[in-house]
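Asks: Please see the structure below; I have some questions.
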Amino acid sequence: MTKITGDWITRPATQAVCVMLEGAGYQALFVGGCVRNALLGTEVNDIDIATDAHPDQVVALAEKAGLHAIPTGIDHGTVTVVSDHVPHEITTFRKDVETDGRRAVVAFSPRVEDDAHRRDFTMNALYACSDGTVLDPLGGLADLDARRVRFIDDATERLQEDYLRALRFFRFHAWYGDEKAGMDADALAAIAANLDGLETLSRERVGAETLKLLAAPDPAPAVGAMRATGALARLLPGADDRALAPLVHLEGQVGVAPDALRRLAALGGDDLPKRLRLSRQDGKRLTLLREQIGTPAGAAELGYRFGKDTGCDVLLLRSAVLEMTLPDMMQADLTKGAAARFPISATDLMPDVQGPALGAALTKLENLWIASGFTLDKHTLLALK
């Protein structure tokens, strides 16, 4: 008998939610990511609970127990119950009645087996009782032990229920799969045969999944498989993954953490901020990184103009995309540039210089100062104006 443990499962706030359901004769089964991650020994962030209680019953029980119930997705059977500031997403066992590739019409079910069969991958159809005892209705434990990402039942049927599962397949492989064992052949064949469905997905959903994929420790093999199936070209037209593996290697060499936007900049593609519905801040950063890859600015200048971290991103991307070696003394030059302060301001040149000429003069002096390695002082620069 397999059991999971962890502070998250034994804390009073979470056990109070289980008691709320079980005390009324209903099941309270942890499900999905919290069970998977607990079995893998990784951090558990979100707590999902599956139950045979209907949403209105969950709300009534929460109110009776003095807990806060939020109808976050009540039409689909989901109520978030907050216990001691900890949210627990409680969803009634469901089975699909009708799907169109983006959303499903569901019916409530009293059977955990029905609930398991409507999920995407076997490793996500693992449940655990309130005492941690694991329930495995579909053989997900064996797949999780083997780090094998496998669709439940028929891969084509699972994809046609929700085409986003194609992208989730690559994301889950990047995070949890065994790279040496390769990817499930049935899944890859089903994805390649259902590419048209990817174009029906909302840009927000594709953007969120893409960033989660690229944040994995090494997403390069999964993205390579996306290219091989044709999914990359459908989802990110114009993208090229050749620089991704070198970038991941360089990140490890320099000792920087994985960064989804940095890696997205390495992939490139047509109008990525709009296509992936990136936030304004992320869109601006991505555009800056892409623009700076081909510039001649050195490490010190990049550090001065954009800060040490962004300068490092540009140099890593430049090395990976343009197949260049990283510059000597890169970190020292980035630090030096980031700390430099241009000694001239507009008021130093006025009133002798004004209007458009003022901006041109400041730019000229700033470029001279950068070229000097930030050594020219104010007096010398003013003499050069």
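The values are calculated or read from the model by the stated rules, or taken from the named source; none is laboratory data. On a predicted model such as this, the values are computed, not experimentally measured, just so you know. Every residue, glycine as well, gets a Cβ built from its backbone with ideal geometry; the counts of neighbours run over all protein chains shown.
Asks: Assess whether residue 36 counts as being touching a Gly at 6+ places or on another chain (Cβ under 6 Å) and not polar (S, T, N, Q).
Replies: Spelling it out, it is not the case that residue 36 is touching a Gly at 6+ places or on another chain (Cβ under 6 Å) and not polar (S, T, N, Q).
Asks: Let me ask another. What about residue 346, is it out of contact with any strand residue (DSSP E or B) (no Cβ under 6 Å at 6 or more places or on another chain) and at pLDDT below 95?
Replies: Judged against the criteria, residue 346 is a match.
Asks: Where the second residue is outside any helix (DSSP H, G or I) and β-branched (Val, Ile, Thr) and the first is free of Cβ contacts under 8 Å to residues at least 12 places away in the same chain and lies in the range 72-95, which pairs have Cβ atoms under 9 Å and are six or more apart or on separate chains?
Replies: Close Cβ pairs satisfying both conditions: 80/70; 80/72; 80/90.
Asks: Which condition number does residue 285 fail, the rest of (1) at positive phi; (2) modelled with pLDDT of 95 or more being met?
Replies: (1)
Asks: Identify, please: which residue in the range 163-209 is among the aliphatic types (A, V, I, L, M) and free of Cβ contacts under 8 Å to residues at least 12 places away in the same chain and is, among those, nearest to residue 277 (Cα to Cα)?
Replies: 208
Asks: Within the range 230-237, identify whether any single residue is in contact (Cβ under 8 Å) with a residue 24 or more places away in the chain and over 22 Å from residue 155 (Cα atoms), and answer yes or no.
Replies: Yes.
Asks: Select from the range 341-361 the residues that are closer than 18 Å to residue 306 by Cα and surrounded by 11 or more Cβ atoms within 10 Å (Cβ to Cβ) and write down the one among them that is nearest to the chain's Cα centre (by Cα).
Replies: The residue in question is 342.
Asks: Considering only the range 38-60, how many residues are touching a Phe, Trp or Tyr at 6+ places or on another chain (Cβ under 8 Å) and either surrounded by fewer than 19 Cβ atoms within 10 Å (Cβ to Cβ) or farther than 13 Å from residue 8 by Cβ (or both)?
Replies: Looking only at that region, the number is 9.
Asks: How about the range 203-216: which of its residues are touching a helix residue (DSSP H, G or I) at 6+ places or on another chain (Cβ under 9 Å) and more than 15 Å from residue 265 (Cα to Cα)?
Replies: 203, 205, 206, 209, 216
Asks: Does any residue in the range 31-51 that is assigned by TED's automatic domain parsing to the domain that holds residue 85 come within less than 6 Å, Cβ to Cβ, of a residue that is among the polar types (S, T, N, Q) six or more places away or on a different chain, and which pairs are these?
Replies: Note: pairs meeting the criteria are 32/124; 44/37; 50/91; 51/27.
Asks: Can you spot a residue in the range 179-199 that is under 14 Å from the mean Cα position of the chain (by Cα) and of a type outside the set (Lys, Arg)?
Replies: Scanning the range 179-199 turns up no residue that is under 14 Å from the mean Cα position of the chain (by Cα) and of a type outside the set (Lys, Arg).
Asks: For the range 142-152, check the following and say yes or no: at least one residue is in contact with a Ser or Thr (Cβ under 7 Å, 6 or more places away or on another chain) and free of Cβ contacts under 8 Å to residues at least 24 places away in the same chain.
Replies: Checked against the condition, which is being in contact with a Ser or Thr (Cβ under 7 Å, 6 or more places away or on another chain) and free of Cβ contacts under 8 Å to residues at least 24 places away in the same chain, the range 142-152 yields at least one hit.
Asks: Residue under question is residue 248, and the condition is that it be within 18 Å of residue 313 (Cβ to Cβ), modelled with pLDDT of 95 or more, aliphatic (A, V, I, L, M) and exposed (fewer than 15 other Cβ atoms within 10 Å of the Cβ); does it hold?
Replies: no
Asks: To continue, here is another question. Can you tell me which of (1) in a loop (DSSP other than H, G, I, E, B); (2) touching a residue at least 24 places away in the same chain (Cβ under 8 Å) is the one residue 242 doesn't meet?
Replies: (2)
Asks: A follow-up question, please. Could you say which residue among 84, 46, 7 is among the charged types (D, E, K, R) and under 26 Å from residue 111 (Cβ atoms)?
Replies: Of 84, 46, 7, the one residue that is among the charged types (D, E, K, R) and under 26 Å from residue 111 (Cβ atoms) is 46.
Asks: Using the structure shown, decide if residue 320 is closer than 18 Å to residue 377 by Cβ, buried (at least 19 other Cβ atoms within 10 Å of the Cβ) and either β-branched (Val, Ile, Thr) or touching a residue at least 60 places away in the same chain (Cβ under 8 Å) (or both).
Replies: Answer is no for this residue.
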